[in-house]
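*Asks:* Here it is, the structure, as structure tokens.
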Amino acid sequence: MSVKGKSTGIKLDRETLAERVRQFHWFHSIDLGYGVITPGSKSPAIHQAEYAAFFDPVEFRGRSVIDIGAWNGAYSFEAKRRGAARVLATDHFVWTHPAFRGRESFELARSVLDIDVQAEEMDILDLSPDGVGTFDVVLLLGVFYHLLDPIAVLQQIATLTREVLIVETTPTLWR
């Protein structure tokens, strides 16, 4: 399933939003406003530390970004907040998993935040410049240590990269 372009920007009252959030498994803690923060496995403090480590050294303003393995979308949304001109969030496993329901949680967050992030359900092995194009910044966060052949995937993902490839190789920040 592919949904491109700007979100619908749904408006929910605090109680309705909190109830919708409780329907999903959240890996990312995302501040949706109204005092509602998704109950992610990664706390807001861990996300702040990761944003500093992954994002601060890179200029995002005006750049194109692909977030591979986006799950709930925290890094996609952060790239857009930091001024990225275009952000493409991709995932397959978590977005199609019946228990995780990652695409649904991503869509809820994107819609409530009203952030212009594109989304494509794509397996990492299917990503290619011919399929998705090339990007100034490529994010491969929380994915590397799940790969059967990480070096081959890095070689493949490098073909999508025009300037910067950011790879998280171990989940040490949230242990």
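The values are calculated or read from the model by the stated rules, or taken from the named source; none is laboratory data. Predicted model, so just to flag it, every value in this text is computed and none were measured. Backbone-built Cβ (ideal geometry, glycine too); neighbour counts: all protein chains shown.
*Asks:* Filter segment 59-70 for residues that are of a type outside the set (Asp, Glu) and more than 15 Å from Glu168 (Cα to Cα) and give the result.
*Replies:* Narrowing segment 59-70 to residues of a type outside the set (Asp, Glu): 60-66, 68-70.
Result: Phe60, Arg61, Gly62, Arg63, Ser64, Val65.
*Asks:* Which one of Asp136, Asp130 is modelled with pLDDT of 95 or more, within 26 Å of Ala49 (Cα to Cα) and charged (D, E, K, R)?
*Replies:* Values: Asp130 fails: within 26 Å of Ala49 (Cα to Cα).
From the options Asp136, Asp130, the qualifying one is Asp136.
*Asks:* Being part of a strand (DSSP E or B), under 14 Å from the mean Cα position of the chain (by Cα) and aliphatic (A, V, I, L, M) is the requirement here; does Val94 meet it?
*Replies:* Numbers: part of a strand (DSSP E or B): no; under 14 Å from the mean Cα position of the chain (by Cα): yes; aliphatic (A, V, I, L, M): yes.
For Val94, the condition - part of a strand (DSSP E or B), under 14 Å from the mean Cα position of the chain (by Cα) and aliphatic (A, V, I, L, M) - is not met.
Table: residues versus (1) modelled with pLDDT of 95 or more; (2) closer than 22 Å to Gly62 by Cβ; (3) more than 18 Å from the chain's Cα centre (by Cα).
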| position | (1), (2), (3) |
| --- | --- |
| Glu104 | yes, no, no |
| Gly142 | no, no, no |
| Ile166 | yes, yes, no |
| Thr169 | no, no, no |
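*Asks:* So, one more: What number of residues in segment 53-87 are among the aliphatic types (A, V, I, L, M), surrounded by fewer than 24 Cβ atoms within 10 Å (Cβ to Cβ) and not in a loop (DSSP other than H, G, I, E, B)?
*Replies:* 1
*Asks:* Right, another one. I want to confirm something. Restricting to segment 1-49 and keeping residues that are of a type in the set (Val, Ile, Thr) and part of a strand (DSSP E or B), which single residue is modelled with the lowest pLDDT?
*Replies:* Taking segment 1-49 and keeping what is of a type in the set (Val, Ile, Thr), we get 3, 8, 10, 16, 21, 30, 36-38, 46.
Still in the list and also part of a strand (DSSP E or B): 3, 36-37.
Numbers: Val3: 37, Val36: 97, Ile37: 98.
Only one residue tops the list, namely Val3.
*Asks:* The conditions are (1) farther than 26 Å from Ala18 by Cβ; (2) modelled with pLDDT of 95 or more; (3) touching an Asp or Glu at 6+ places or on another chain (Cβ under 7 Å), and Tyr75 fails exactly one of them. Which is it?
*Replies:* (1)
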